[in-house]
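What follows is a set of notes on a single structure, which appears directly below.
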Ligand code: PGA
């Protein structure tokens, strides 16, 4: 199907300028498969985007972690899609569960953001995922379908979207989704897209997994036919450095580094 493996590093709200520079140096020196095989995108906090972009090797790209829902203006503290485009930032992460939960971003708001960012020419890593309560109540698919529907209702071209299935419960909780659990949701998502968007989008869109991706599970996860990559966040990724699955270790290194006290 030719879906290129995608590895995203989500640095969240971490790092100093010195740390960021060191990490970029390490990335630049790393041996990774060619960009034909794997797409590597790192997402530093806004303030570090220009420096990371300017220092990073050209085949790696940067993503913002958010952007405003419409054109800029009197929205104190926000960063607009136009600003990202102006700085040549190609990607943006939208709808991360931390923003949905902590900042009250609704499905509709995330859908509006995705549509606006795409309309300005950004590529979007759109995050969806259920909470533990929702999983235990058996509503995982309803939740992720509703989240995806709010995006589908607002966009028609999915070619610049990567869908990140990030269940909330494996993020920083010690509970890890099994490869089978990830694969199951990815397959269901593809079925949903097939039925509700188009067979072409269902076949071509990259659905990546995020949530406690580690050296212990990344090979198995990547072996699943419907897992097209990862969004790697926090810590505990040390062992990745010895497993080297399609460059994941590289992003893992960033998160180890950033998670050090
Ligand atoms: P994690 O985070 O790898 O620390 O679980 C993933 C994410 O939040 O994108």
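Side notes on the structure shown:
Residue-wise test of (1) in contact with a helix residue (DSSP H, G or I) (Cβ under 6 Å, 6 or more places away or on another chain); (2) part of a loop (DSSP other than H, G, I, E, B); (3) surrounded by fewer than 20 Cβ atoms within 10 Å (Cβ to Cβ).
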position: 35; (1), (2), (3): no, yes, yes
position: 40; (1), (2), (3): no, no, no
position: 67; (1), (2), (3): yes, yes, no
position: 75; (1), (2), (3): no, yes, yes
position: 82; (1), (2), (3): no, no, yes
position: 99; (1), (2), (3): no, no, yes
position: 104; (1), (2), (3): no, yes, yes
position: 133; (1), (2), (3): no, no, yes
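- When region 205-217 is limited to residues that are more than 15 Å from residue 167 (Cα to Cα) and under 15 Å from the mean Cα position of the chain (by Cα), the one that is nearest to the ligand (Cβ to nearest atom) turns out to be 206.
- Residue within region 47-63 that is free of Cβ contacts under 8 Å to residues at least 40 places away in the same chain, within 25 Å of residue 161 (Cβ to Cβ) and within 16 Å of the ligand (Cβ to nearest atom) present: yes
- Scan of region 1-33 for residues that are surrounded by fewer than 20 Cβ atoms within 10 Å (Cβ to Cβ), away from the ligand (no atom under 16 Å from the Cβ) and not in a helix (DSSP H, G or I), ordered by number: 1, 2, 3, 4, 16, 30, 31, 33
- The condition of being farther than 17 Å from residue 108 by Cβ and modelled with pLDDT of 95 or more holds for only one of 150, 137, that being 137.
- You will find that of 144, 124, the residue that is in contact with a strand residue (DSSP E or B) (Cβ under 7 Å, 6 or more places away or on another chain) and either free of Cβ contacts under 8 Å to residues at least 24 places away in the same chain or under 15 Å from residue 168 (Cβ atoms) (or both) is 144 and no other.
- Test: residue in region 56-64 that is farther than 21 Å from residue 210 by Cα, more than 19 Å from the chain's Cα centre (by Cα) and outside any loop (DSSP other than H, G, I, E, B): no
The values are calculated or read from the model by the stated rules, or taken from the named source; none is laboratory data. In this text, all values refer to a predicted model and were calculated from it rather than measured experimentally. Cβ atoms come from the backbone with ideal geometry, glycine included; neighbour counts cover every protein chain shown.
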